[in-house]
Amino acid sequence: MVTALNNAIDLLLKEDENVVVLGEDVGKDGGVFRVTDGLQAKYGDNRVIDTPLAESAIIGTSIGMALGGLKPIAEIQFAGFMYLGFGQIINHCSRYRTRTRGTRSLNMVIRTPVGGGIRALEHHSENPEALYAHANGLIVVEPSNPYDAKGLMISAMHMNDPVIFLEPTKLYRLFKQEVQDGMYEVEIGKANVVKEGSKLSIITYGTMTRIVEDVVSKKNVDAEIVDLRTISPLDEKTIIDSAKKTGRVMIVHEASASFGVGAEISARIAEKAIFELQAPILRVASPSIPVPCPGYEDYYLPNAKKISNAIDKILSV
Amino acid sequence: MLKEAYSGSIKYMQILDEEGNVDQSIPLDDIDNEKIIRMYKLMVFARAVDSKVLSLQRQGRMATYGPCIGEEATQIGAAIAMNPNDIFVPNFRQHALYLARGMPLENFLLYWKGYEEGNIPAAKINGMPVIVPVGTQMQHAVGLAFAQKQRKTGNAVVAYVGDGGTSEGDFYEAMNFAGVMKVPVILIIENNGWAISVPRSRQSAAETLAQKAIAAGIPGVQVDGNDVFAVYKAVSEAIRNSKDGAFVIECITYRMSMHTTSDDPTKYRSEADVNEWKARDPILRLRKYLSKHGLWNDDMESKMNEEYAKLIDAAVEKEEAFKPDPRSMFNSVYSFIPQVLQEEMDDAEANNYWR
Ligand SMILES: Cc1ncc(C[n+]2csc(CCOP(=O)(O)OP(=O)(O)O)c2C)c(N)n1
Ligand SMILES: [Mg+2]
């Protein structure tokens, strides 16, 4: 996924000289995960900018750059540090367009690594997607594979809206996938039915998509797997269609359960398809506690067993 | 009319030079031989711990770790200057400070293996836990200092931030509050030249980081952070005067090793750069001083090293015997256990999700 993202950003920098990349350690170091590796050498330090250590300024300055006609791709080193720029995101990113009734829009992307599974220190394994989705006015995407990562990044930059681009650290180097050369887009706002099925719908995204696929194939259940890809705005149609088709819905995400994306999805299904359900909706997620230090990570993250148990439970109703 | 509205300057202090010679023009105050030996031993101990943790990390027995190799004087000078009741607020690289203040080594190791339990004894040594979001702790320090003033404890607060951390809004805001509130806080900038791959020169266009204090209306000074005497002197003076308000001390030191075990410094800095700083090593220069004054010899050195090796091995053994209890993740979130958490905990336990 690192290579796919690097390639997408490379193509975007080449395509439009207004595209700039900025963030902590993105230049010479190529980013702590190497997503921007080699790009400063190729495009210069005015296009790929090592900034001082200040998240609020990275985001606030990106807003200004976008207002000034540039197309910034800002990197926040870890999602856990994006809170230092939260004010800029909520006060400005999400509402500049509506505040000016569409006369000023922000063509920008804020990339940040999310999620656990790599034994990182405190604050390096957060899953804050619900916070950004709840802000309204932001597009929130989270790819589950290299192909989608590249296509979504290109779509995000080609779109005249601020995009929060969440990159699961666990997937950066987990598996290889053929990704086509050149520009292509993956539509934002469109979920992907990864596997069709008739007995059960599992709605998921990010790292959990892989684990769900594994569990479903090992158990050999006739489940439909929906990978959201875009968290906000939600692809309600794909979700409701799948719920109506199978009559059983499970939502799996790595972020904690309480007030999360799963709650939103399950409310939408309850509103629009409750009479077509044969079982209560189930959520599989992390517990409603702060993300622990790495020693406790395995006790915290939803695992295959938890997903498998939930599948048994929902199919037994 | 045109007149000067303000003029300020920042002093730089070095007492002990690279050759272990003392600048006679600066009084050593209460730095006596007993203290000097204590400083030396604590610095060596911190470095021994760092190298042990790095080797454990390579064997997969520790989580990500950022050593403080080369920065020991910046921390030990302050640790010795502080009174036991003074409060310290670290960022994440203040290992020498923690250990000098009496953090049990097994707990220190436990934290860096990835367990919150490691933080527990910090409270007993008047320290705050490791803080990872860079610079954010500086505001806590100001609040802590305000509480000391309000409650008339007479204690000072000593807080650490890196050169990178001084770019965060939180740092400026903390300094500004400290100035306005006139609180007993000493803000130490551990300027080790780097914030991961970003050199100090790219962090701020200001010539010194200490001069940021001027804008907040508080005094600031720059010291040689590899000179434990200078650090000690600056911090003790600041603590002594802390009733009069805040103080900023920029310590010029160098990150001699990687940022953390996940970092590859060869990507962004040259070996020559590092070698230049090896000659300014804070431990080396104190050792030179000790030898010159007949306060230390090879025999004492090897005895000390032996003692430390034993101490460290014993602590590793204790730390490795620790059995994590996943219920602690749930029990410690609130002062009570909400039903939602209780259910999640019971579910995990009953269904054996914890393996
Ligand atoms: C708010 C925040 N942003 C980013 C990071 C990631 N990060 C960890 S350490 C570091 C560099 C810190 O540099 P400095 O303040 O000079 O301290 P040093 O590492 O040199 O001790 C960065 C960018 C973080 N921990 N917190
Ligand atoms: Mg630094």
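Just one residue in the set A:Ile164, A:Ile265, A:Ile269 is in contact with a Cys (Cβ under 9 Å, 6 or more places away or on another chain) and crowded, with 19+ Cβ neighbours inside 10 Å; that residue is A:Ile164. If you check B:Thr260, B:Thr208 for being hydroxyl-bearing (Ser, Thr, Tyr), within 27 Å of B:Leu286 (Cβ to Cβ) and over 19 Å from the mean Cα position of the chain (by Cα), only one passes: B:Thr208.
Out of segment B:330-355, which residues are among the hydrophobic types (A, V, I, L, M, F, W, C), assigned to a helix (DSSP H, G or I) and either loosely packed, with under 13 Cβ neighbours inside 10 Å or under 27 Å from the mean Cα position of the chain (by Cα) (or both)? Hit for segment B:330-355 is B:Ala350, nothing else. Can you work out which of the residues in segment B:249-287 that are among the acidic types (Asp, Glu) and within 14 Å of chain A (Cβ to nearest Cβ) is surrounded by the fewest Cβ atoms within 10 Å (Cβ to Cβ)? Filtering first and then ranking leaves B:Asp264.
Among the residues of segment B:6-20, write down those that are surrounded by fewer than 17 Cβ atoms within 10 Å (Cβ to Cβ) and either of a type in the set (S, T, N, Q) or in contact with a strand residue (DSSP E or B) (Cβ under 7 Å, 6 or more places away or on another chain) (or both). Once the filter is applied, which keeps residues that are surrounded by fewer than 17 Cβ atoms within 10 Å (Cβ to Cβ) and either of a type in the set (S, T, N, Q) or in contact with a strand residue (DSSP E or B) (Cβ under 7 Å, 6 or more places away or on another chain) (or both), segment B:6-20 yields B:Ser7, B:Ser9, B:Lys11, B:Tyr12. Annotation for segment B:237-245: at least one member residue is of a type in the set (S, T, N, Q) and part of a helix (DSSP H, G or I). For B:Asp224, the criteria (1) more than 14 Å from ligand 1 (Cβ to nearest atom); (2) of a type in the set (Asp, Glu); (3) within 12 Å of another protein chain (Cβ to nearest Cβ) hold in every case but one, which is (3). Report whether or not B:Tyr308 is among the hydroxyl-bearing types (Ser, Thr, Tyr) and surrounded by 14 or more Cβ atoms within 10 Å (Cβ to Cβ). Against the criterion (among the hydroxyl-bearing types (Ser, Thr, Tyr) and surrounded by 14 or more Cβ atoms within 10 Å (Cβ to Cβ)), B:Tyr308 qualifies.
Residue count for segment B:100-140 under the criterion of being buried (at least 23 other Cβ atoms within 10 Å of the Cβ), in contact with a Leu (Cβ under 7 Å, 6 or more places away or on another chain) and assigned to a helix (DSSP H, G or I): the result is 3. Kindly evaluate A:Ile251 against the criterion of being over 20 Å from the mean Cα position of the chain (by Cα), outside any helix (DSSP H, G or I), outside the structural domain of A:Phe81 (by TED's automatic domain parsing) and within 25 Å of A:Ile164 (Cα to Cα). So A:Ile251 does not fit the description; no. Exactly one residue out of A:Ile239, A:Ile203 is closer than 23 Å to A:Ala135 by Cβ and part of a helix (DSSP H, G or I), and it is A:Ile239. Only a single criterion out of (1) crowded, with 21+ Cβ neighbours inside 10 Å; (2) aliphatic (A, V, I, L, M); (3) facing chain B (nearest Cβ under 10 Å) is not satisfied by A:Ala257, namely (1).
Which residue, of A:Asp181, A:Asp214, A:Asp161, is in the same structural domain as A:Leu13 (by TED's automatic domain parsing) and among the charged types (D, E, K, R)?
Selected residue: A:Asp161, the only one of A:Asp181, A:Asp214, A:Asp161 that is in the same structural domain as A:Leu13 (by TED's automatic domain parsing) and among the charged types (D, E, K, R).
Among what's in segment B:303-329 and is out of contact with any helix residue (DSSP H, G or I) (no Cβ under 7 Å at 6 or more places or on another chain) and not in a helix (DSSP H, G or I), pick the residue that is nearest to the other protein chains (Cβ to nearest Cβ). So, considering only residues that are out of contact with any helix residue (DSSP H, G or I) (no Cβ under 7 Å at 6 or more places or on another chain) and not in a helix (DSSP H, G or I), the one nearest to the other protein chains (Cβ to nearest Cβ) is B:Asp325. Return a yes/no flag: does segment A:124-143 have any residue that is within 14 Å of another protein chain (Cβ to nearest Cβ), touching a His at 6+ places or on another chain (Cβ under 6 Å) and in a loop (DSSP other than H, G, I, E, B). No, because not a single residue in segment A:124-143 is within 14 Å of another protein chain (Cβ to nearest Cβ), touching a His at 6+ places or on another chain (Cβ under 6 Å) and in a loop (DSSP other than H, G, I, E, B).
In segment B:162-197, which residue that is in a strand (DSSP E or B) and β-branched (Val, Ile, Thr) is surrounded by the fewest Cβ atoms within 10 Å (Cβ to Cβ)? By that ranking, first place goes to B:Ile189.
Yes/no matrix, rows are residues, columns are (1) without any contact (Cβ under 8 Å) to a residue 40 or more places away in the chain; (2) within 16 Å of ligand 2 (Cβ to nearest atom); (3) basic (Lys, Arg):
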{"site": "A:Ile9", "(1), (2), (3)": "no, no, no"}
{"site": "A:Glu15", "(1), (2), (3)": "no, no, no"}
{"site": "A:Val19", "(1), (2), (3)": "no, no, no"}
{"site": "A:Val32", "(1), (2), (3)": "no, yes, no"}
{"site": "A:Ala54", "(1), (2), (3)": "yes, yes, no"}
{"site": "A:Thr61", "(1), (2), (3)": "yes, no, no"}
{"site": "A:Gly64", "(1), (2), (3)": "yes, no, no"}
{"site": "A:Gln77", "(1), (2), (3)": "no, yes, no"}
{"site": "A:Arg95", "(1), (2), (3)": "no, no, yes"}
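Has segment B:188-198 got any residue that is more than 16 Å from ligand 2 (Cβ to nearest atom) and either free of Cβ contacts under 8 Å to residues at least 40 places away in the same chain or out of contact with any Pro (no Cβ under 7 Å at 6 or more places or on another chain) (or both)? Within segment B:188-198, not a single residue is more than 16 Å from ligand 2 (Cβ to nearest atom) and either free of Cβ contacts under 8 Å to residues at least 40 places away in the same chain or out of contact with any Pro (no Cβ under 7 Å at 6 or more places or on another chain) (or both). Taking the criterion of being modelled with pLDDT of 95 or more and within 13 Å of ligand 1 (Cβ to nearest atom), would at least one residue in segment B:140-153 satisfy it? Checking segment B:140-153: not a single residue is modelled with pLDDT of 95 or more and within 13 Å of ligand 1 (Cβ to nearest atom). Taking B:Ala73 as the residue in question, decide whether it is in contact with a Pro (Cβ under 8 Å, 6 or more places away or on another chain) and within 16 Å of ligand 2 (Cβ to nearest atom). When the stated conditions are applied, B:Ala73 passes them.
For the condition modelled with pLDDT of 95 or more and either surrounded by fewer than 22 Cβ atoms within 10 Å (Cβ to Cβ) or within 14 Å of chain B (Cβ to nearest Cβ) (or both), what is the one hit in A:Val317, A:Val215?
Result: A:Val215 is the single residue among A:Val317, A:Val215 that is modelled with pLDDT of 95 or more and either surrounded by fewer than 22 Cβ atoms within 10 Å (Cβ to Cβ) or within 14 Å of chain B (Cβ to nearest Cβ) (or both).
Residue-level analysis places B:Val161 among those that are closer than 19 Å to B:Val183 by Cβ, within 16 Å of ligand 2 (Cβ to nearest atom) and in contact with a strand residue (DSSP E or B) (Cβ under 9 Å, 6 or more places away or on another chain). Residues of segment B:21-64 that are touching a Ser or Thr at 6+ places or on another chain (Cβ under 6 Å) and either closer than 18 Å to B:Asn305 by Cα or buried (at least 21 other Cβ atoms within 10 Å of the Cβ) (or both): none at all. Filter segment B:159-216 down to the residues that are away from chain A (no Cβ under 11 Å), small (Gly, Ala, Ser) and within 11 Å of ligand 1 (Cβ to nearest atom) and list them by number. Listed by number, the list holds a single entry, B:Gly193. Whenever a residue of segment B:96-113 is under 23 Å from A:Ala120 (Cβ atoms), its partners that are part of a loop (DSSP other than H, G, I, E, B) and among the hydroxyl-bearing types (Ser, Thr, Tyr), lying with C-beta atoms within less than 9 angstrom and at least six residues away or across chains, give the pairs B:Trp112/B:Thr64; B:Trp112/B:Tyr65.
Of the numbered criteria (1) modelled with pLDDT of 95 or more; (2) in a helix (DSSP H, G or I); (3) within 16 Å of ligand 2 (Cβ to nearest atom), the one B:Arg287 fails is (3).
Of the strands (runs of 3 or more DSSP E) lying entirely inside segment A:1-119, the ones with 3 or more residues being away from chain B (no Cβ under 14 Å) and closer than 30 Å to A:Tyr300 by Cα are found at A:109-114.
The values are calculated or read from the model by the stated rules, or taken from the named source; none is laboratory data. Computed from a predicted structure; not experimentally measured. Glycine gets a Cβ as well: all are built from the backbone with ideal geometry, and neighbour counts include every protein chain shown.
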